[in-house]
Number of protein chains: 2
Amino acid sequence: MLTPLAASSGVAGLLTDLFVVLLAAKLGDELFRRLRQPTIVGEILAGVLVGPAVLGLVDPGEVLQVFAELGVVFLLFWVGLETKLSDLREVGATALSVGVLGVVVPFAGGVGLGLALGLSTAAALFLGAALVATSVGITSAVLIELDVLDRRTSRTILGAAIVDDILALLLVAVAAGVAAAGGIDVGSIAITAAIAIAFIGFVALGGTKLLEARPALLQAPRFSESPLLPAVIICLGLAAFASQIGLAAIIGAFLAGMVVAETRDHSPIRAEVEPLYAFFPPFFFAFIGLELSLAALADGGVLLLLAGVTALAVATKFGGAYLGAIRMGRRDAAFVGVGMVPRGEVGIIVAGIGNATGTIDAELFAVVVAMSVLTTLIVPPVLRRMVVAPAPATAT
Amino acid sequence: MLTPLAASSGVAGLLTDLFVVLLAAKLGDELFRRLRQPTIVGEILAGVLVGPAVLGLVDPGEVLQVFAELGVVFLLFWVGLETKLSDLREVGATALSVGVLGVVVPFAGGVGLGLALGLSTAAALFLGAALVATSVGITSAVLIELDVLDRRTSRTILGAAIVDDILALLLVAVAAGVAAAGGIDVGSIAITAAIAIAFIGFVALGGTKLLEARPALLQAPRFSESPLLPAVIICLGLAAFASQIGLAAIIGAFLAGMVVAETRDHSPIRAEVEPLYAFFPPFFFAFIGLELSLAALADGGVLLLLAGVTALAVATKFGGAYLGAIRMGRRDAAFVGVGMVPRGEVGIIVAGIGNATGTIDAELFAVVVAMSVLTTLIVPPVLRRMVVAPAPATAT
């Protein structure tokens with residue numbers, strides 16, 4: 001009786017969810033800041049706390065998922081604003097080898113483990129694919145917090161994340177193809193790859209050229225006194241398009257940031273995007289925690305499997321990326337290797353597809369989700385220690 | 001095959017919806033700005049265009065509804081930042097009479113029309129309640145655009161909107177009670193009223209007192225270098241709470257803005273909230289248009305009913321509010337009367353409850369929705385003309 005308007009629209013409950021998640025994430029941030037620990041970890045653990053795993057105040061529904069997605073979209077848009085195409089070109093060869101080796105080694109490891117555990121070929125392929133995709137959102141946030149986004153190692157990680165995402169897209173297509181039809185449609189996968197690469201090349205090269213030629217383009221619309229809204233519309237559009245063709249939305253957002261940064265005077269854009277960057281990303285970090293289910297892990301065998309999968313995920317990604325970056329020297333290669341370790345939302349999505357199609361079971365799904373959460377919790381403190389270590393890193 | 005990640009999560013489609021709605025709204029804004037027409041009308045009509053009524057590109061789902069709600073929440077938060085409690089006290093008596101008469105007259109008119117049309121008592125009560133609630137979001141946006149938010153007439157409208165919303169809450173409770181039980185539970189309605197009034201009084205008086213006493217409170221958390229996020233968390237929390245107790249979320253947001261404006265130096269808050277205020281409200285305006293269905297109106301009898309209901313809605317609200325404000329002089333009373341006319345989302349929600357409970361039929365529901373959209377389209381140009389009229393309004 002008290003809430004006839006609210007109850008009928010459901011909006012009251014959704015607003016309350018958003019409030020609870022934002023408040024919890026920022027309290028987690030505050031606590032970890034006071035403890036001098038990485039704030040992202042505080043936000044993720046706040047999500048674990050209010051989510052189904054502990055208190056059950058909030059369920060990870062569609063609206064929170066969109067806020068989480070916009071969180072990582074605005075995070076990578078922000079990173080893109082800080083990045084020039086020439087920066088990426090400079091580290092291109094290293095980023096390519098980091099991306100490729102950082103995909104091949106975990107994929108081989110995951111498939112091998114899957115087959116050793118007696119899974120079907122399709123399930124083993126899914127496990128491999130779920131171990132592949134780096135979630136660059138976590139690492140980006142740490143790099144911003146440590147103020148090292150302009151280092152060569154940071155740019156290598158960003159470039160490698162793009163390569164990584166293209167390859168992950170293809171491997172998921174392969175795994176889904178094997179699961180659905182028992183075989184691989186090479187032609188369709190080639191088209192997927194061609195579209196993804198054409199999109200990235202077209203936006204990165206064409207977009208920056210366009211704004212180099214017409215740097216006042218974003219100020220042209222009269223609806224906005226500043227370039228903010230045109231820039232945000234471009235960001236949303238490229239993020240949506242990237243995710244429609246199967247890439248991560250954040251690749252589109254990152255490219256949008258890079259293109260917009262070519263505009264005449266992009267410092268007001270940074271100042272204006274900052275509130276969106278403050279508002280949305282906490283939902284992304286907390287959402288990772290919201291997805292964790294502890295009930296499925298309350299079993300010795302499952303915990304052992306989780307330990308094994310997590311160790312494999314960390315070791316193979318670190319090893320592959322380290323090998324790919326070795327020409328930068330061991331110290332920098334180790335930084336790049338650690339930076340590529342977080343799986344976050346991407347591994348969860350891949351495992352979700354495998355679970356939805358019946359290829360991998362609920363237990364293995366819960367293990368992959370927990371592995372993704374664990375890798376996002378491990379990386380921030382390690383990266384932090386590497387940056388603030390007594391002898392400063394040589395990569396600047 | 002092309003979108004395995006996206007298709008499974010559904011997020012790609014939702015991001016695309018957000019992009020299409022934001023782009024359409026801002027193109028509508030741009031067009032109407034170039035035509036020197038009220039930009040809000042352009043945004044609403046853009047929603048009609050991309051929505052089910054015309055092109056059918058986007059359906060008004062839950063995610064868009066939350067973005068629309070946050071749009072009007074940040075709009076009223078912005079208005080609250082511009083308003084002092086003392087401003088409202090000054091116009092208190094007039095606002096009260098505008099609010100009361102602006103509710104009683106349309107309610108009586110709606111119930112009378114319903115009974116004359118042969119509706120059941122419960123349905124007639126719902127029609128009356130749907131004609132009651134002013135959507136102050138539309139008027140606020142026009143007042144901001146015309147830069148007259150600090151006039152006495154504008155403050156009277158804001159104060160009256162609070163009174164209006166409390167009374168609307170009670171009338172909906174009455175209508176829902178009659179529909180469900182065939183009678184009115186006076187005790188429960190008294191409790192609803194007491195909670196609503198206590199919430200508003202407590203926040204408005206206690207909140208401003210607290211921040212007068214400790215003006216640096218919002219700078220206390222370390223997670224934020226600026227007061228933006230603490231302010232946004234307060235806004236979301238009060239909006240969620242208001243809508244949980246059955247008030248409009250915007251009442252909570254408006255109060256939050258007023259309280260936050262008491263903080264030591266609130267000019268940085270305004271600058272920082274501005275991007276959120278640029279990003280979210282277009283979803284609110286476009287969403288009003290998205291909800292319109294033309295199919296249900298393709299009938300002469302229904303169109304006649306729509307004309308009658310709309311004329312009644314405009315005349316009774318204008319008349320009641322005009323009478324309530326008459327002590328301000330006829331010119332200002334007319335301005336207040338016009339400013340109270342838009343129904344927007346509130347009438348739609350009320351009619352939705354009536355429709356969901358089977359009390360009013362789909363045809364009458366479509367009529368109420370169309371009436372709400374029409375009143376939001378009529379008001380901006382009229383208010384604009386009243387402000388820019390040759391002889392300037394005396395109220396400043």
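None of the figures in this text is laboratory data; all of them are computed from the coordinates on show. From a predicted model like this one, the values you see are computed outputs, not experimental measurements. Don't worry about glycine lacking a Cβ; one is built from the backbone with ideal geometry, like all the others, and counts go over all protein chains shown.
A compact table of results
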{"item": "Cα centre as origin, Lys/Arg/Asp/Glu Cβ charges: the protein assembly as shown dipole, Debye", "result": "1520 debye"}
{"item": "Whole-number D in µm² s⁻¹ for the stretch B:252-315, Kirkwood Cα-pair radius fed into Stokes-Einstein, 4 °C, 1.567 mPa s", "result": "83 µm²/s"}
{"item": "The stretch B:19-63-the stretch B:98-169 distance, computed between alpha-carbon centres (Å)", "result": "25 Å"}
{"item": "Footprinting exposure proxy for B:Met328, B:Met258, B:Met386 (fewest neighbouring C-beta atoms within 10 Å first)", "result": "B:Met386, B:Met328, B:Met258"}
{"item": "Residue mean of other protein chain beta carbons inside 10 Å, B:278-286", "result": "3"}
{"item": "Set of the stretch A:217-250 residues, backbone N closer than 19 Å to the point 7 Å along the Cα-Cβ line of A:Leu96", "result": "none"}
{"item": "Kirkwood Rh and Cα Rg combined as Rg/Rh, the stretch A:1-137", "result": "1.10"}
{"item": "Convex hull volume per residue in cubic angstrom - Cα atoms of the stretch B:51-131", "result": "156 Å³"}
{"item": "Normalised per residue, the volume of the convex hull around the Cα set of chain A (Å³)", "result": "159 Å³"}
{"item": "Inter-part distance where the stretch A:231-272 and the stretch A:289-312 are each reduced to a Cα centre, Å", "result": "36 Å"}
{"item": "Cβ-derived FRET efficiency at R0 41 Å, B:Arg33 paired with A:Arg331, nearest 0.05", "result": "0.15"}
{"item": "The stretch A:293-334 - convex hull of alpha carbons, volume per residue in Å³", "result": "71 Å³"}
{"item": "Alpha-carbon gyration tensor eigenvalues x 5, square-rooted, for the stretch A:119-254, Å", "result": "33, 20, 13"}
{"item": "Kyte-Doolittle mean at least -1.0 and Cα axial length at least 27 Å: DSSP H helices in chain A", "result": "A:11-34, A:62-81, A:92-116, A:152-181, A:300-324, A:362-387"}
{"item": "Span per principal axis, largest first, for the Cα atoms of the stretch A:304-396 (Å)", "result": "49, 23, 22"}
{"item": "Estimated 222 nm signal from helices in the protein assembly as shown, with DSSP H stretches of n ≥ 4 weighted -39500 (n - 2.57), rounded to 500", "result": "-24500 deg cm²/dmol"}
{"item": "Which of B:Ala124, A:Leu304, B:Ala12, positive extreme of dipole for the protein assembly as shown (C-beta unit charges)", "result": "B:Ala12"}
{"item": "Average beta carbon contacts from partner chains per residue of B:60-66, 10 Å cutoff", "result": "5"}
{"item": "Inter-label distance, nm, simple model (7 Å from Cα along the C-beta direction), B:Leu117/A:Val382", "result": "6.7 nm"}
{"item": "Cross-link reach list, aspartates and glutamates versus A:Lys84, counting only Cα pairs under 15 Å and skipping chain neighbours closer than eight places", "result": "A:Asp150, A:Glu212, A:Glu262, A:Asp265"}
{"item": "Average silhouette area of the protein assembly as shown, convex hull of alpha-carbon atoms, in square nanometres", "result": "34.9 nm²"}
